[in-house]
Amino acid sequence: MKKIMALLISACMLFAFAGCGGKENTASDGSATKSDSETVKEKGKLIIGITDYAPMDYEETKGSGEWIGFDADMAKAFAKSLGVEAEFVVIDWDNKIMELKAGSIDCVWNGMTITDEVKNGMSVSNAYCKNTQVVIVPKDKADKYQTVESVKDLKFAAEAGSAGEKALKALNYNVTAVTAQADALMEVAAGTSDAAVIDLLMAGAMIGEGTSYENLTYTVGVAEEEDFGVGFRKGSDLTEKLNEFFKTAYADGSMMDTAKTYGVQESIIEQK
């Protein structure tokens, strides 16, 4: 019996040592031995989790893999300040915290509303932009939907995990979750949803005259003003590095120049 127990203990010890082999960046107590900035510099790139969300992150030519936008350009500039390249990865927005924890991305930078859930799951930068959630309807029906009460019986589309979906659920309105805010607009344009709720920031760039959705407009807001932030892993030193980068970019005017490039209203850019 003793021999059998000894063999079992030996086998367990071997298994434990084997299991530790892949944790090069963690100490025996589970703490990180390398900072996020060191890890990012070693691999030569900052991996950024995004969705297709104009004017923040979008492909100028669909399928090109070349991401541009206010957030995308600021992320590229931040990566450059770290001495690395920016790499953009499209994620399921509802799983953004899980993606960070898994290490498949280094940050979430995509017009992300700072909520309690976000703050509990990530290390979040200072707010850099203000926003709110607005109802999108066909222009020819806009006159009927100018109050929150007037839209209560509509069938909505909203991005899964977004502030818009959260606002609609809080009102107990009928909402179907879609993959991205752009998909919510498509639902309304196609007539499969009566309305959508998206960011005011996106509405200013994506609907109305000169856009692909000239027949859509926004009416009433369904949530209070919100702040956008960038999310990193808990305890990441990149958070404070980004805060300093934002201060510099705001002070030297480069942040405002980028905003103008993408039609982002200067009045919503902020530094806290």
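The values are calculated or read from the model by the stated rules, or taken from the named source; none is laboratory data. Computed from a predicted model, the values in this text were never measured in an experiment. Please note: Cβ atoms are built from the backbone with ideal geometry, for glycine as well, and neighbour counts cover all protein chains shown. Note: areas computed on protein heavy atoms with side chains; ligands, DNA, RNA excluded. Shrake-Rupley method; radii C 1.70, N 1.55, O 1.52, S 1.80 Å.
In the set (1) open to solvent by 20 Å² or more (accessible area, probe 1.4 Å); (2) more than 30 Å from Ser81 (Cβ to Cβ), the condition left unmet by Met206 is number (2).
Residues that are aliphatic (A, V, I, L, M) and either within 19 Å of Ala190 (Cβ to Cβ) or open to solvent by 40 Å² or more (accessible area, probe 1.4 Å) (or both) number at least 2 in the following strands (runs of 3 or more DSSP E) confined to the range 93-175: 133-138, 155-159.
Checking each residue in the range 228-268 for being surrounded by 17 or more Cβ atoms within 10 Å (Cβ to Cβ), in contact with a strand residue (DSSP E or B) (Cβ under 6 Å, 6 or more places away or on another chain) and not in a helix (DSSP H, G or I) picks out Phe228, Gly229, Val230, Gly231, Phe232, Ser236.
Inclusion of Ala27 among residues that are among the aliphatic types (A, V, I, L, M), modelled with pLDDT under 95, over 21 Å from Ala249 (Cα atoms) and within 26 Å of the chain's Cα centre (by Cα) is not warranted. Residue count for the range 211-248, restricted to those that are small (Gly, Ala, Ser), more than 18 Å from the chain's Cα centre (by Cα) and within 18 Å of Met56 (Cα to Cα): 1. Among the residues in the range 184-202, are any open to solvent by less than 30 Å² (accessible area, probe 1.4 Å), in contact (Cβ under 8 Å) with a residue 24 or more places away in the chain and assigned to a loop (DSSP other than H, G, I, E, B)? Within the range 184-202, one or more residues are open to solvent by less than 30 Å² (accessible area, probe 1.4 Å), in contact (Cβ under 8 Å) with a residue 24 or more places away in the chain and assigned to a loop (DSSP other than H, G, I, E, B). Scanning the range 43-85 for residues that are open to solvent by less than 10 Å² (accessible area, probe 1.4 Å) and β-branched (Val, Ile, Thr) gives Ile48, Ile50, Thr51.
Across the range 203-227, the qualifying residues are those that are in a strand (DSSP E or B) and among the acidic types (Asp, Glu), and the one among them that is modelled with the lowest pLDDT is Glu226. Whenever a residue of the range 210-229 is free of Cβ contacts under 8 Å to residues at least 40 places away in the same chain, its partners that are open to solvent by 40 Å² or more (accessible area, probe 1.4 Å), lying with C-beta atoms within less than 7 angstrom and at least six residues away or across chains, give the pairs Tyr213/Ala189; Tyr213/Met206.
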